Amino acid sequence: MPEHLVIIGSGQAAAQAVQTLRQEKFSGPITIVGEEAYPPYQRPPLSKKYLAGELSVERLYLKPVSHYKNKDVTMRLGEKVTALEPEKSRVVLENGQTITFSRLLLATGSHVRKLQIPGEDLDGIHYLHTIEDANAIAEGLKRGSRLVIVGAGYIGLEVAAVAIKRGVAVTVLEALDRVMARVVSPEVSNFYLGYHQKKGANILCNTAVTRFSGEKKVDRVETADGRHFPCDLAIVGIGVEPATELAEAAGLACNNGILVDEFARTQHPDIFAAGDCTNHPNHQTGARVRLESVHNAIEQAKTAASNMLGKPKRYEDVPWFWSDQYDLKLQIVGLSEGYDQVVIRGEPSQETFAAFYFRSGKIIAINAINSPREFMLGKKLISQEKTIAPEKLANQALNFMDLAKKAIDQ
C-alpha cells in the first residue's frame, strides 16, 4: 500500500509542503483537509490590497485549483477535522469519515484572539483573518463612515491606512503605551504614530476598551476612562492564538503552540507541524519561539516536508516580516526581544531609515522603513552572525554598504 501523507490546514504552510513533497519526488497520495472553502491563499493582502479592492480573490490563491489536481493532491475543502488519533494513524472528520495517514502535517495556523467584553456579540464588530472577514469589512468601509479599530498592531494600522484612503473616519484605540509596541522600538513607534496622524487617523494609546454598545448593531465603543467613540463598524485586531486544539486533544505536547524540534517533528515520530501553530527552537536566540509570518510558514513547511520523506533538514532560518501602510514598507529581520541599544540610520523625516537593534554589542534585528538595502544586507549580517560596531553604525558619514560588506567579508 503506498504511503499516504495528510495535511490538516489549507494555508501557506500546506501549499508549500505540497510543493516540496512533489519536488522531492514523492509520488504517493497527498490529502489536504481545510475548513475554508478556498484553496490555499495569501493572508497578508487581506488587510492591504485585497481589502482596498486592488486584488481579485483569485489573485490571492497561491496556486489555481487545477494545480493541486495536476499534482494528484486530494483537496477536501470546507471540511473540519474533529479528532486526531495518533495510535490509529488516522483523523476523524466532522461528518464521521476517517482518513488514515502514513505521516501527518499539522498546518492548522491560528485563530484571532477575541475581545471578551460586554457587547462583543453585536453586529458590525469584525475580526480580520479570512477572505470572508475581509469581504464583510470592505462592505462597511464607505466614504464618510466611522470606523473604530481596537488594537494598533500590524492588522489595525494596515486596515487604518486602507480605510483612510477610502475616506473613512478612523479612530484607533490601543491599550499599550505605543503603536506596534510588541515588535518595534519607541523610535519606530513614534514615527508610525506621527505618520498615521498626519494622514488623518485619530490614534489613542493607553486606552483600554471595556464595552461595545448599541441595540442590535454596534454604534459606539466605550473605554475604561469613560469616553465613548461613535462608530458605524468596529474592527478588533489584538493578535492571534495558535490553533492547537487537535494536537492537545491527541496528547501532543503544546505550550503557546505545538512543540516541535528543529526538524519540525512533534513528539510523535510520524506527526509534524509547521507555520503559525508551532513553537520551535530558534537558532539565533537559543530559545523557543512562535512566529506568525509567511516566511516562517514557508521555510518550516519545507523542513517538515523533507523530514517527512526521511531527508534530514534543520530549520535554522532567520525570521523576517513585513508590513505595508500607505506608501511605507516596513521590513523586519531578526527578533529584537531583549535588545539593549538601538541605532537609527537615515532620516525619519524623509520617510526612509532603519533601526538597528543590539544586544551586548551584536546586531540581533533590523527594522527597515523604505530601506531595502539595509534590509537585504541586514539579513546577511544576522544570518552569518556578523556585526558592525554601534559607534560606527551611528556615524552617518560612514557608508552603510561599505560597513556591511566589510563585516560580512571578515
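Elements of the type helices (runs of 4 or more DSSP H) sitting completely within segment 341-410 and holding at least 3 residues that are over 23 Å from residue 321 (Cβ atoms): these cover 390-394, 400-409.
May I ask you to list the residues in segment 7-40 that are touching a Pro at 6+ places or on another chain (Cβ under 9 Å), surrounded by fewer than 24 Cβ atoms within 10 Å (Cβ to Cβ) and of a type outside the set (Gly, Ala, Ser)? If the condition is that a residue be touching a Pro at 6+ places or on another chain (Cβ under 9 Å), surrounded by fewer than 24 Cβ atoms within 10 Å (Cβ to Cβ) and of a type outside the set (Gly, Ala, Ser), then 29, 39 are the ones that fit.
So that you can scan it fast, the table gives a plain yes or no per residue for (1) within 30 Å of residue 326 (Cβ to Cβ); (2) in a loop (DSSP other than H, G, I, E, B):
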| residue | (1), (2) |
| --- | --- |
| 13 | yes, no |
| 22 | no, no |
| 25 | no, yes |
| 28 | no, yes |
| 32 | no, no |
| 37 | no, yes |
| 45 | yes, no |
| 76 | no, no |
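All conditions but one from (1) more than 17 Å from residue 190 (Cα to Cα); (2) in contact (Cβ under 8 Å) with a residue 40 or more places away in the chain; (3) in contact with a Phe, Trp or Tyr (Cβ under 7 Å, 6 or more places away or on another chain); (4) surrounded by 18 or more Cβ atoms within 10 Å (Cβ to Cβ) apply to residue 378; the one that does not is (3). Can you find even one residue in segment 195-207 that is out of contact with any Gly (no Cβ under 6 Å at 6 or more places or on another chain), within 20 Å of residue 116 (Cβ to Cβ) and not assigned by TED's automatic domain parsing to the domain that holds residue 87? Checking segment 195-207: at least one residue is out of contact with any Gly (no Cβ under 6 Å at 6 or more places or on another chain), within 20 Å of residue 116 (Cβ to Cβ) and not assigned by TED's automatic domain parsing to the domain that holds residue 87. Scanning segment 172-213 for residues that are without any contact (Cβ under 8 Å) to a residue 24 or more places away in the chain, among the small types (Gly, Ala, Ser) and over 14 Å from residue 156 (Cα atoms) turns up just one, 194.
The values are calculated or read from the model by the stated rules, or taken from the named source; none is laboratory data. Bear in mind that the values here come from a model prediction, so they are computed numbers and not experimental data. Don't worry about glycine lacking a Cβ; one is built from the backbone with ideal geometry, like all the others, and counts go over all protein chains shown.
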